Amino acid sequence: MTEIGFYHLLTTPLERALPRLLERARGQGYRIVVRAASPERVEHLNSLLWTYDDASFLPHGSVTGGNAVQQPIWLTDRDENPNAATMLVLVDGVAAADLASFARCADLFDGDDDGAVAAARQRWRAAAAAGHTLSYWQQTEKGWEKKG
């Protein structure tokens, strides 16, 4: 089963947290698919990953740039895995029907949005019922803290 980490964003927005999470996952050798809610959101994240830090570079692509097989990070709004990723990152409250095809999943959700928190709880229950291994991470001023 898939190891799923739920990441409760409280101190920084997704736009600051996502690149750091992707850097860490790439450092651990993962190929990654990032799934967002819409094509517009994918393009926003695509731009973000080019500009988030002048001193860093995250090789990535999306349907507009093509060549998924060569991209270690693929941004999409579809249920697909064209770069043979072993890690899935879910943003914008997106749920995935194909969790079992990934070794790891990170589900990032906005802790300041009551609807996003409620939806994350529903995704947690569904993942637990499916037998996945779950962990919950809460963002603090000091960084990510694993909670019971």
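All of the numbers you see were taken from the coordinates with simple rules; none came from a lab. Because the structure is predicted, anything quoted here is derived from the model rather than measured. Quick reminder, even Gly has a Cβ in these numbers, built from the backbone with ideal geometry, and neighbours come from all protein chains shown.
Within region 46-63, identify whether any single residue is within 12 Å of the chain's Cα centre (by Cα) and either assigned to a helix (DSSP H, G or I) or of a type in the set (Val, Ile, Thr) (or both), and answer yes or no. Break it down stepwise before answering.
Within region 46-63, the subset within 12 Å of the chain's Cα centre (by Cα) is none.
No, the conditions are met nowhere in region 46-63.
Conditions (1) farther than 23 Å from Asp79 by Cα; (2) touching a strand residue (DSSP E or B) at 6+ places or on another chain (Cβ under 7 Å); (3) of a type outside the set (Ser, Thr, Tyr), marked per residue:
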| site | (1), (2), (3) |
| --- | --- |
| Gly5 | no, yes, yes |
| Leu14 | no, yes, yes |
| Glu23 | no, no, yes |
| Tyr30 | no, yes, no |
| Arg35 | no, yes, yes |
| Pro39 | no, no, yes |
| Ser47 | no, no, no |
| Thr51 | yes, no, no |
Restricting the search to region 92-148, which residues are assigned to a strand (DSSP E or B), touching a strand residue (DSSP E or B) at 6+ places or on another chain (Cβ under 9 Å) and either within 21 Å of Arg31 (Cβ to Cβ) or polar (S, T, N, Q) (or both)?
Arg104, Cys105, Ala106, Asp107, Leu108, Thr133, Ser135, Gln138, Gln139
Which of (1) surrounded by 13 or more Cβ atoms within 10 Å (Cβ to Cβ); (2) in a helix (DSSP H, G or I); (3) not polar (S, T, N, Q) is the odd one out, the single condition Leu88 does not satisfy?
(2)
In region 1-44, residue surrounded by the most Cβ atoms within 10 Å (Cβ to Cβ) [restricted to those that are among the β-branched types (Val, Ile, Thr) and in contact with a His (Cβ under 6 Å, 6 or more places away or on another chain)]
Ile4
Going through (1) of a type in the set (Phe, Trp, Tyr); (2) farther than 12 Å from Arg35 by Cα; (3) in contact (Cβ under 8 Å) with a residue 40 or more places away in the chain one by one, Trp50 fails only at (3)
Does region 107-117 include one or more residues that are closer than 26 Å to Gly65 by Cα, touching a residue at least 60 places away in the same chain (Cβ under 8 Å), buried (at least 20 other Cβ atoms within 10 Å of the Cβ) and not polar (S, T, N, Q)?
yes
